[in-house]
Amino acid sequence: MEQLLICMSLSLIAGLLASRAAKAIRLPAVTSYLVAGLLLGPFFLGRLGLSGWGFGFGSLAQVESYGIITQVALGFIAFVIGNEFRLSALESMGRQAVTVGILQAVITTVLVDIALVALHFARPDVISMASAITLGASPCRHPDGGQAVQGQRPPDPPAADGGRH
């Protein structure tokens, strides 16, 4: 419990200080919150082994154990992002944003298809033509089919023998 309070206090202080620094260089506060989270997370300070002293989160499992706190924090971040949008600015760039979004999706799909087909011609033993086209056209999905809720495993499939052992 003590470790949790130290980590959370450090996270809040880091977020506050980072948002002040971001404001000085005219970046949105949400950017600084994300950077502070990356620095305190298991892939930066956690790698240094300082989590025993309360500096950052030591492992991904430790971060995942605070699931409800993570969800609340993401809710606050989403609120801050929504607060930064202005409807008038969104209306003025609406058509341009939709056009850019559609072009980005189409161009990305075409470029990935070209790269995968080129890989097929260079190394046909690595990827078949059907796989190259399918992979280039399909969206990225989680291995569970995109059905898992964050922090939860999908249910195991029933046993082939009907559950009898």
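Arg26 versus Asp113, label points 7 Å from Cα toward the beta carbon: distance in nm?
Here the modelled spin labels are 4.1 nm apart.
For a Förster distance of 30 Å, can you work out the FRET efficiency between the beta-carbons of Phe44 and Phe121, rounded to the nearest 0.05?
With R0 = 30 Å, the Cβ-Cβ based efficiency is 0.15.
Calculate the spin-label point distance for Ile81 paired with Ile102, positioning each point 7 Å from the Cα along the beta-carbon direction, and give it in nanometres.
With each label point 7 Å from Cα toward Cβ, the separation is 2.3 nm.
Figure the gain on full extension for Met129 and Gln71 (residue separation times 0.36 nm, minus the Cα-Cα span) and round it to one decimal in nm. Don't skip to the end; give the middle numbers.
Numbers: separation 58, 0.36 × 58 = 20.88 nm, distance 4.14 nm.
Full extension of this stretch gives 16.7 nm more.
Just so you know, all these numbers are worked out from the coordinates, no wet-lab data involved. What you are looking at is a predicted structure, and each value in this text was computed from that prediction instead of being measured. For neighbour counting, all protein chains shown are included, and Cβ atoms are generated from backbone atoms with ideal geometry for every residue, glycine included.
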